[in-house]
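Participant: This is the structure I want to talk about, given as C-alpha cells.
The values are calculated or read from the model by the stated rules, or taken from the named source; none is laboratory data. Keep in mind it's a predicted model, so treat the numbers as computed, not measured. Here the Cβ is made from the backbone with ideal geometry for all residues, glycine too, and neighbour counts use every protein chain on show. Please note that ligands, DNA and RNA were not included when accessible areas were found on the heavy atoms of the full protein model with its side chains. Shrake-Rupley method; radii C 1.70, N 1.55, O 1.52, S 1.80 Å.
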Amino acid sequence: NYVHLLKNIGYNTKFLYGGDADFDNMEGFALANGFDEVIERENLSNNYEGTMWGVFDHHIFDKALSLLDSTDNPLFLTLFTATNHQPWIIPDEYEDLIPIYSDSLWNSGKSHRTFAYVDEVIKQFITNAKNKEWFDNTIFVFTADHGLNVQRNMMDHLRNAHIPFIIYSPGLDIP
C-alpha cells in the first residue's frame with residue numbers, strides 16, 4: 001500500500017485524529033496499513049475543547065503544523081478532523097468570525113456555520129504553512145469520509161455522497 005511505499009523511501013508516517021481512535025477501529029486500521037504512529041485525543045492537550053466526536057479542528061491543524069515543523073525526514077501526515085458532525089457547534093473564539101446562516105433546503109444553519117468554520121480553519125492553516133520552509137515541497141490533499149445526507153428519504157441518493165477532493169501543491173510543476 002502507499003504508506004509502506006512512502007516508508008520505504010524514508011518517510012515518517014503519522015495518523016492524527018482529534019477523537020478516540022478506537023472508534024471504527026481507526027487506530028487498528030492505520031497501524032495495519034503501515035502508519036508508524038497514531039495521535040489521538042488522549043495524546044493531545046486536555047485544554048483542547050471540542051465535541052463528543054473530538055477536539056475542534058483548529059487544534060488539529062495547529063498540531064499538524066507542529067508535527068510538520070518538528071521533523072527532519074519527509075512526513076506523510078493524515079489528519080482526520082471531527083468538527084463537521086452533529087451537534088454542529090463551533091468554538092467560542094470563532095463565534096464573531098463565522099456568520100450565522102438560516103436554515104435552507106440542504107443545510108441547517110448550524111451545519112452550514114460549522115462548514116464555514118472548517119473552511120476558515122483550513123484557510124488559516126494554509127496561510128500559516130506558507131511561511132514554512134517545507135511548504136513548497138508539500139502536497140496537500142483534502143477530502144471527506146462521507147457526505148451530508150441531504151436526501152434523507154433516499155439514503156442511497158447520489159447527492160448524499162458528494163464530498164470534496166482537492167489537491168493543492170504550490171511547488172509541484174507538472175507540464
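Participant: In the stretch 1-40, how many residues are touching a helix residue (DSSP H, G or I) at 6+ places or on another chain (Cβ under 8 Å), touching a residue at least 24 places away in the same chain (Cβ under 8 Å) and of a type in the set (A, V, I, L, M, F, W, C)?
Facilitator: Summing the residues that are touching a helix residue (DSSP H, G or I) at 6+ places or on another chain (Cβ under 8 Å), touching a residue at least 24 places away in the same chain (Cβ under 8 Å) and of a type in the set (A, V, I, L, M, F, W, C) in the stretch 1-40 gives 5.
Participant: May I pose another question? Under the condition of being open to solvent by 30 Å² or more (accessible area, probe 1.4 Å), under 19 Å from the mean Cα position of the chain (by Cα) and β-branched (Val, Ile, Thr), which residue from the stretch 92-127 is nearest to residue 56 (Cα to Cα)?
Facilitator: Taking the candidates together, the pick is 122.
Participant: Give the residues of the stretch 14-60 that are hydroxyl-bearing (Ser, Thr, Tyr), surrounded by fewer than 21 Cβ atoms within 10 Å (Cβ to Cβ) and touching a strand residue (DSSP E or B) at 6+ places or on another chain (Cβ under 8 Å), sorted by residue number.
Facilitator: As a first pass, look at the stretch 14-60 and keep what is hydroxyl-bearing (Ser, Thr, Tyr): 17, 45, 48, 51.
Next cut, surrounded by fewer than 21 Cβ atoms within 10 Å (Cβ to Cβ) only: 45, 48, 51.
48 - this is the single residue of the stretch 14-60 that is hydroxyl-bearing (Ser, Thr, Tyr), surrounded by fewer than 21 Cβ atoms within 10 Å (Cβ to Cβ) and touching a strand residue (DSSP E or B) at 6+ places or on another chain (Cβ under 8 Å).
Participant: Can you list residue pairs whose Cβ atoms sit under 9 Å apart, with the first residue in the stretch 53-71 being touching a residue at least 12 places away in the same chain (Cβ under 8 Å) and within 14 Å of residue 12 (Cβ to Cβ) and the second being aromatic (Phe, Trp, Tyr) and surrounded by 17 or more Cβ atoms within 10 Å (Cβ to Cβ)? Count only pairs 6 or more apart in sequence or on different chains.
Facilitator: Here the result reads 64/125, each pair linking the stretch 53-71 to a residue that is aromatic (Phe, Trp, Tyr) and surrounded by 17 or more Cβ atoms within 10 Å (Cβ to Cβ).
Participant: If you go through the stretch 103-122, how many residues are in contact with a Leu (Cβ under 9 Å, 6 or more places away or on another chain) and outside any helix (DSSP H, G or I)?
Facilitator: 2
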